[in-house]
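The values are calculated or read from the model by the stated rules, or taken from the named source; none is laboratory data. Computed from a predicted model, the values in this text were never measured in an experiment. So basically every Cβ, Gly included, is an ideal-geometry build from the backbone, and we count neighbours across all protein chains shown. These accessible areas exclude ligands, DNA and RNA; they are computed on the full protein's heavy atoms, side chains included. Shrake-Rupley method; radii C 1.70, N 1.55, O 1.52, S 1.80 Å.
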Amino acid sequence: MPEVEKAVETLPSLFTRLGDQLTQLFDAKLSLLRIELKEEIAACLRGAMMIIVGALVALIGFALLNVAIAFLISMLFDAAHISQVARYALGFTVTALLYLAVGAIVIVKAKNRINQQGIVLPRTATELQRDKEWIKNQM
């Protein structure tokens, strides 16, 4: 019988040790999760910064391309025998008008696509119709 009493006496200490070990396990898992999250956030921030830098470089390139297009268009007015400044002004104006036209076309197409989809919410419309009929029946 003394062995049974010894086993019973150590049972509470086993539960205590189990609880301590579970706490340590959860702490270790949480620490690992924190470390992994920090690494993921750092990687995402580095990626976002690279995207921003790339977008800025692309924006500068796009601006330079637009200037080049404007100068190219201004060269088409060489035969018009107008001043260099007027040719540059015409080149930049024509380039701007081209972008305005393309932008307007994109806006109109997007607006038409949105209009075709419609914004009617079928379940909400059904509920409103039911409410309307309920109010008519109540009066």
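Quick one: count up the residues across the stretch 90-139 that are outside any helix (DSSP H, G or I), hydrophobic (A, V, I, L, M, F, W, C) and exposed (fewer than 10 other Cβ atoms within 10 Å of the Cβ).
3
Kindly evaluate Leu32 against the criterion of being open to solvent by 100 Å² or more (accessible area, probe 1.4 Å) and part of a helix (DSSP H, G or I). Working first, answer last.
On the way: open to solvent by 100 Å² or more (accessible area, probe 1.4 Å): no; part of a helix (DSSP H, G or I): yes.
When the stated conditions are applied, Leu32 does not pass them.
Would a scan of the stretch 81-88 turn up a residue that is of a type in the set (Val, Ile, Thr), in contact with a helix residue (DSSP H, G or I) (Cβ under 7 Å, 6 or more places away or on another chain), surrounded by 10 or more Cβ atoms within 10 Å (Cβ to Cβ) and closer than 29 Å to Asn66 by Cα?
Checked against the condition, which is being of a type in the set (Val, Ile, Thr), in contact with a helix residue (DSSP H, G or I) (Cβ under 7 Å, 6 or more places away or on another chain), surrounded by 10 or more Cβ atoms within 10 Å (Cβ to Cβ) and closer than 29 Å to Asn66 by Cα, the stretch 81-88 yields no hits at all.
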